[in-house]
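In what follows, a single structure is set out as structure tokens and then discussed.
The values are calculated or read from the model by the stated rules, or taken from the named source; none is laboratory data. Computed from a prediction, not measured in an experiment: that's the story for all the values here. Cβ coordinates were reconstructed from backbone atoms using ideal geometry, including for glycine residues, and neighbour counts include every protein chain displayed. The protein model used for the area step is the full one, side chains on, heavy atoms only, and it has no ligands, DNA or RNA in it. Shrake-Rupley method; radii C 1.70, N 1.55, O 1.52, S 1.80 Å.
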Amino acid sequence: MRIHPRHIQKVAVVMLGGAALFTLLILIFIIGFILEKGLPVISLRFLTGKPEDLGRSGGIFPTIIGTILLPLLAIIIATPLGIFTSVYLSEYTKETKLTKVIRFGTDCLAGIPSIIFGLFGYIFFVVTLGLGWSILSGGLTLAVMILPTIIRTSEEAIRSVPKSYREVSFSLGATSWQTVKRVILPNALPGIVTGVMLSIGRSIGETAAVIFTAGSSLRLPESILDSTRTMAVHFYILAREGISQENAYGTAATLIIAVLFINLSAYWMMSRFIAKRS
Amino acid sequence: MNDKFNIKNLSFYFGKKKCLSNINFDIVANEILGIIGPSGSGKTTFLRALNRMNDLDIMPRVEGRILMDGNDIYATGYDVVSLRKKVGMVFAMPVPLPMSIYENVVYGPRLSGISDKNRLDELVEKSLTSAYIWEEVKDRLKTSGMRLSGGQQQRLCLARALAMEPDVILLDEPCSGLDPISTSKIEDALTILKKDYTIILVTNNTKQAARVADRTAFFLMGGLVEFGDTKKIFTAPDQKETNDYITGRFG
Amino acid sequence: MKLIGEKGVQRALMFTAFSAISALLLIALFILSEGLPFIFRYGIKDFLFSNDWVPQQGRFGIFPMIAASLWVTFGAMVVGAPLGVAVALFLSEYAPRPVMRVIKPTIELLAAIPSVVYGFIGVMVLAPLIREFLGGPGLSLLGGSIILGIMILPTVISISIDSILTVPQSYREGSLALGATTWQTIYMVTIKASKSGIIASIILGLGRAVGETMAVIMVAGNSVNIPHSPLDSVRTLTANIALEMSYATGMHRQALFATGVVLLVGIIILNSIASVALRKRMVKK
């Protein structure tokens, strides 16, 4: 007996819609669960106090500092590198074997798991270059990790600048660099900033690459060569070693709030940019 | 009357494709030269060869020479940037840069290093006036150029090119999307401007060439079919193809 | 003066452009230089296919970990691929455009959640559920698969949506004009047309799953054995590296780097297949 296509259609809508709903619910559940258990733990003392007794009590201030410093260093290094790479790729070259090689390198880099970056950072920065477990090692490792993302999003942003703008600029006697500086970069900026913010979000949540390069010291770092612990690492250690479930939730909640804030800001900025354009 | 451009045996290749073959003629200073012909005849390719805008996509292979003021502009080492400062261009679609009207006009001069505010203000007024748009925008120079109507935007683009104080102005079907009033404003501007500039106008609209150009060149399939005084081309052309095109037998 | 500046700028930019490829080369160089000598000395067959991972006795067979990684990734695909494609289809074919424009970035927030948080949820919520209803320790292959399946959803959904949206509207219109329902159109036309993009999205998702570390450490149990049931505790290649790296020395450490080499090779292969599939989609357009 053949079922009428319209009935199958109804079933399909329900199932596909159900899938979408289910996925949304997962998202809401994860965020809700962490916030529900973690928000009560967060207080001014929690955020500004130092951890005591290996984190069983006290606050998480040094980890907040670590969470700020590591991505900051990574962004400072990777952003100019990434933007100028994409500028070079789109404005200074035509499609040649060279650009294909560079793009291949970027694609590969983007797919490498963070544990490998952790291994690399350890053997190269910590050991070979002798930087030890430090903010410097961690920041450099994270920089290499976010580089492909910044290159990709910058390239897309640069590509979205209309070709006619470039033509106008050149026809008025501009050099490539003048065109980049005065027309292309200002117009590609929102897209580039979004990519940077998304990379910040990713660095903040990163654990595997950080543990092996920045270490896990609970002390407030005094120099760039000091080891430090980020919130993600702290959370991982608290949870896995069973040190304090309560503080684990609190750290996780702080972490999630930070990450969500950054990602939502990036999306909001991007949508405002799109709205302004049209 | 001296020659501004001498085009000698010019052939143009993009990769394997031959876009222009064996073009030979001279363009005189302070005239309006009209270039007519059907789509794909090479008019735009030729126009863009004069300020080397074709270089932007793929480097073309050039046979023959284009001389401006006696110098081969495709010679190795020729300063392309300064060429484009002397040869300005207005494109088919109006392209205001996403900045204020003022900033649009001073974009070019600023590139050349002019930063004195008085000089820039002077240039803005002079260029916008020559483009027949000063009166309409003089009270809102700081507003965005993208808020103007199509015809106004195109006049802004003309002003932008004029602000560079070039020798030559190239126009590539500048009125193609515009209403008749804007079109006639631009045509009037060009007629006045030829006193100080050499103007080369590519147009799909033969009647526009008849109205405005001193001399006209007819391009067909990459070659120059006929070239001469506009009146002659339009009333008693030598070549059959010219006649067929002008009378609308093909297009 | 200005021209020298321009050439100088060009050279500086070219220099930075090599940063990505040089970083990649550096990584390959150092990981390989630590890991390859070990593989040659120990023997690649024993390394990959022996079941014995007993570092104290100098035995470094990673087969259980390879099996674990393969199973967990397969499980992630079973969980994440159908769900992800279903969501992608719903958002691009049924949901009105403005709704899609809001929901798509919201679901992409799933990608922003740190992997340690996923792992934690797995431990606190999922594992007890498994333990209660299905038995076993809870921290298991099944738990790992489910969590990983959820983690790859944003990738699958995002890239699939992009792929589905590039199917020309005329294909759909042609089908609908012949009297097909929307579902029939999806099923017979749209999916076929965006097939390579969807497959690419799944492969890229799998690449992420294979490389995931923190979440699996927390949820999958970490016992070194070949799994016989989804309820068994397993240890993936990534977990193995992360857990033992902090105290490994000498040959043990090199063995872990060698594991990294295996991972790298696997993932590069996966991602290359995915980019070929993605490029096929572009060429077809």
May I ask you to verify whether C:M14 is open to solvent by 50 Å² or more (accessible area, probe 1.4 Å), more than 14 Å from every other protein chain (Cβ to nearest Cβ) and assigned to a helix (DSSP H, G or I)? no
Give me the residue from segment B:110-120 that is more than 9 Å from chain A (Cβ to nearest Cβ) and outside any loop (DSSP other than H, G, I, E, B) and, out of that set, least open to solvent (accessible area, probe 1.4 Å). B:L120
Given the criteria of a type outside the set (D, E), out of contact with any Phe, Trp or Tyr (no Cβ under 9 Å at 6 or more places or on another chain), away from chain C (no Cβ under 14 Å) and part of a helix (DSSP H, G or I), does A:I192 qualify? yes
C:P98 versus (1) within 14 Å of another protein chain (Cβ to nearest Cβ); (2) under 17 Å from A:A19 (Cα atoms); (3) open to solvent by 30 Å² or more (accessible area, probe 1.4 Å): which is the lone unmet condition? (2)
Single unsatisfied condition, C:V123 versus (1) at the interface with chain A (Cβ under 9 Å from one of its Cβ atoms); (2) within 22 Å of C:G205 (Cβ to Cβ): (2)
Is it the case that segment C:132-155 has a residue that's more than 12 Å from chain A (Cβ to nearest Cβ), acidic (D, E) and either more than 17 Å from the chain's Cα centre (by Cα) or open to solvent by less than 30 Å² (accessible area, probe 1.4 Å) (or both)? yes
Sort out which residues of segment A:216-273 are small (G, A, S), in contact with a Gly (Cβ under 9 Å, 6 or more places away or on another chain) and within 26 Å of A:T153 (Cα to Cα), and write them in order of number. A:A232, A:A258, A:A266
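The rows are residues; the columns are (1) within 12 Å of chain C (Cβ to nearest Cβ); (2) without any contact (Cβ under 8 Å) to a residue 40 or more places away in the chain; (3) part of a helix (DSSP H, G or I).
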{"position": "A:V233", "(1), (2), (3)": "yes, no, yes"}
{"position": "A:I237", "(1), (2), (3)": "yes, no, yes"}
{"position": "A:G242", "(1), (2), (3)": "yes, yes, no"}
{"position": "A:N247", "(1), (2), (3)": "no, no, yes"}
{"position": "A:A252", "(1), (2), (3)": "yes, no, yes"}
{"position": "A:I256", "(1), (2), (3)": "yes, no, yes"}
{"position": "A:F273", "(1), (2), (3)": "no, no, yes"}
For A:F261, indicate whether it is on the phi < 0 side of the Ramachandran plot, of a type in the set (F, W, Y) and open to solvent by less than 60 Å² (accessible area, probe 1.4 Å). no
Subset of segment A:19-38, residues at the interface with chain C (Cβ under 8 Å from one of its Cβ atoms) and open to solvent by less than 90 Å² (accessible area, probe 1.4 Å), comes to A:A19, A:A20, A:T23, A:L24, A:I26, A:L27, A:I30, A:I31, A:F33, A:I34
Which of the residues spanning segment A:83-130 are free of Cβ contacts under 8 Å to residues at least 60 places away in the same chain, among the hydroxyl-bearing types (S, T, Y) and more than 7 Å from chain C (Cβ to nearest Cβ)? A:T93, A:T96, A:T99, A:T128
Could you tell me whether A:V168 is facing chain B (nearest Cβ under 8 Å), in contact with a helix residue (DSSP H, G or I) (Cβ under 9 Å, 6 or more places away or on another chain) and open to solvent by less than 10 Å² (accessible area, probe 1.4 Å)? yes
Just to be sure I understand, how many residues within segment C:17-38 are among the β-branched types (V, I, T) and surrounded by 20 or more Cβ atoms within 10 Å (Cβ to Cβ)? 2
Out of the residues in segment C:120-131 meeting the condition of being under 24 Å from the mean Cα position of the chain (by Cα) and open to solvent by 40 Å² or more (accessible area, probe 1.4 Å), tell me which one is nearest to A:L35 (Cα to Cα). C:M124
Helices (runs of 4 or more DSSP H) lying entirely in segment A:36-136 (those with 3 or more residues that are β-branched (V, I, T)): A:61-87, A:97-111
Can you say whether C:I226 is in the same structural domain as C:D52 (by TED's automatic domain parsing), more than 17 Å from A:F212 (Cα to Cα) and part of a loop (DSSP other than H, G, I, E, B), as far as the supplied structure shows? yes
Flag if A:L47 is farther than 30 Å from C:A17 by Cα, within 13 Å of another protein chain (Cβ to nearest Cβ) and open to solvent by less than 80 Å² (accessible area, probe 1.4 Å): no
Which residue out of C:I103, C:I107 is facing chain A (nearest Cβ under 8 Å), open to solvent by 30 Å² or more (accessible area, probe 1.4 Å), modelled with pLDDT under 90 and under 26 Å from the mean Cα position of the chain (by Cα)? C:I103
Just wondering, is there one or more residues in segment C:41-59 that are within 14 Å of chain A (Cβ to nearest Cβ), part of a helix (DSSP H, G or I) and open to solvent by 40 Å² or more (accessible area, probe 1.4 Å)? no
If I filter segment A:60-82 for residues that are crowded, with 16+ Cβ neighbours inside 10 Å, facing another protein chain (nearest Cβ under 9 Å) and more than 23 Å from A:V259 (Cα to Cα), do I get at least one hit? yes
Report, by residue number, each residue of segment B:145-165 that is out of contact with any Ser or Thr (no Cβ under 9 Å at 6 or more places or on another chain) and crowded, with 20+ Cβ neighbours inside 10 Å. B:L148, B:Q153, B:L156, B:C157
Selected residue (only one of C:L126, C:L165, C:L134 is at pLDDT 90 or above and hydrophobic (A, V, I, L, M, F, W, C)): C:L126
Sole residue being under 30 Å from C:G197 (Cβ atoms) and more than 20 Å from the chain's Cα centre (by Cα), chosen from C:P96, C:P37, C:P55: C:P96
Within segment B:1-101, strands (runs of 3 or more DSSP E) holding 1 or more residues that are within 14 Å of chain A (Cβ to nearest Cβ) and open to solvent by less than 10 Å² (accessible area, probe 1.4 Å): B:87-90
